[in-house]
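Working notes, structure below.
Throughout, read-outs are computed from the coordinates displayed, never taken from laboratory work. Treat the numbers as computed from the prediction; the structure is a model and nothing was measured.
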Amino acid sequence: MYKYVLTGCLALLLCACNHSGSSVDSASVAMSSSVAAAGSSAYVEDHPDEITPPRSAAELSVDMLDRVLSSPARNKSDKALDAVRHPRRTLVFFGLRPDMNVIEVTPTDGWYAAILAPLLKDNGTYTAALVSPMSNKHAAQTMQALRAMFRAHPDLYARARLASFDPRTPNLGTPGSADMVLSFRSVHAWVTRGTAKAMFRAIYDVLAPGGVFGVVDNRAADDSDAGDLVGTPYVRQDDVVQLAEQAGFELDAASSINANPGESGIGDKAADDADRMTLRFVKPAKPSHAASS
């Protein structure tokens, strides 16, 4: 019984919170509310010692995320990295909901795809945006690996999308079509390749007003020389903020979720316990001067 009440509440709450702005028939909502409330009350009366269903879309979203993270469909090696990558806290910080249109830009090993795609498969959309496989051998291998991953588990990835873009003139989709864009450990590579400004602008363009751009990347020490960082897996946080603001974004919040200050550096490789910044940018409802220039 609990499962059906939870499902009914989720559908109603996610519908109310949908970014698309689609209209909802008030009579249907009222009827759904009364049915859900009646079912919930009856269940609580029959099972007073059990936890009642969550009462908000945020709680329901976290509940669904927890189910995905603990799912046996995730392999053990991926789960082992939860302790250092903190996916639950990171995605909650970004404000992810299962009804969103989400783009992950330049995913590599599909680690976050294995969380995001199953979470979004019923009420939202997940798109992995990759550098065109025509660009280089590595890009082609990444595309093939993700395609194979999606085909191997159609129950989880049947609705997941793969898209490609030219890194010199990136286009991530219809302007204003995404609710959230996520980048995990990619910005430093864009800086090295000289495509960072174009990527940030493309992300800004594809997001709807109020949309979120979430960034996790390896943080170099504030006093590092920018020239010394080129070609390394590190980037200064101030430089990332500057790139975002130049594109028109506003820094909404910064978190220490993935921080590990003792491991900041500029080596050739960044381990999973590297010091990482976690930044949430927002596309303002009204274009900023930087965005319109």
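Which entries of LYS76/LYS137; LYS137/LYS269; LYS137/LYS283; LYS79/LYS121; LYS79/LYS269 have Cα-Cα distances beyond 24 Å here?
LYS76/LYS137; LYS137/LYS283
In whole angstrom, how far apart do the alpha carbon centroids of the range 174-232 and the range 57-73 sit?
Their Cα centres are 27 Å away from one another.
Could you compute how fast the range 106-194 diffuses translationally, taking Rh as the Kirkwood radius over C-alpha pairs and applying Stokes-Einstein at 10 °C with viscosity 1.306 mPa s? Give it in µm² per second.
116 µm²/s
Scan around ASN101 for amide H atoms under 5 Å from its own, H built in the peptide plane at 1.01 Å from N, and keep only partners 5 or more places away or cross-chain.
Amide H neighbours of ASN101: THR125, ASP179, MET180.
What's the Cα-based Rg to Rh of the range 63-115, Rh via Kirkwood?
Radius of gyration over Kirkwood radius for the range 63-115 works out to 0.93.
Using amide H atoms built in the peptide plane, which far-off residues or other-chain residues are under 5 Å from GLY231 H to H?
THR192
When averaged across all projection directions, what area in nm² does the alpha-carbon convex hull of the range 49-162 cover?
Orientation-averaged projected area of the Cα hull: 8.2 nm².
For the range 209-264, compute Rh as the Kirkwood radius over C-alpha pairs and then the Stokes-Einstein diffusion coefficient at 37 °C and 0.692 mPa s; write the answer in µm²/s, rounded to an integer.
My calculation gives 262 µm²/s for D.
Which percent of the Cα-Cα distances in the range 161-254 go past 17 Å?
For the range 161-254, the fraction of Cα-Cα distances above 17 Å is 49 percent.
Would you kindly derive the ³J(HN,Hα) couplings of the range 222-236 from the backbone phi angles with the Karplus curve 6.51 cos²θ - 1.76 cosθ + 1.60 (θ = phi - 60°), listing them in order in whole Hz, with x for Gly and Pro?
Each residue's phi maps through the Karplus curve to give 4, 8, 5, 7, 4, x, 5, 7, 4, x, 9, x, 10, 8, 6 Hz.
May I ask you to evaluate 6.51 cos²θ - 1.76 cosθ + 1.60, the Karplus curve with θ = phi - 60°, for each residue of the range 117-127 and list the ³J(HN,Hα) values in order in whole Hz, giving x for glycine and proline?
4, x, 5, 9, 5, 9, 10, x, 9, 10, 10
Using the Karplus curve 6.51 cos²θ - 1.76 cosθ + 1.60 with θ = phi - 60°, what ³J(HN,Hα) values do you get for each residue of the range 141-146, in whole Hz, with x for Gly and Pro?
5, 5, 4, 5, 5, 5
Please list, ordered by chain and number, the residues whose modelled amide H lies under 5 Å from the amide H of ARG236; skip anything fewer than 5 residues away on the same chain.
ALA220
Over the range 66-170, what is the relative contact order in whole percent, taking alpha-carbon pairs under 8 Å and six or more residues apart?
Here the relative contact order equals 25 percent.
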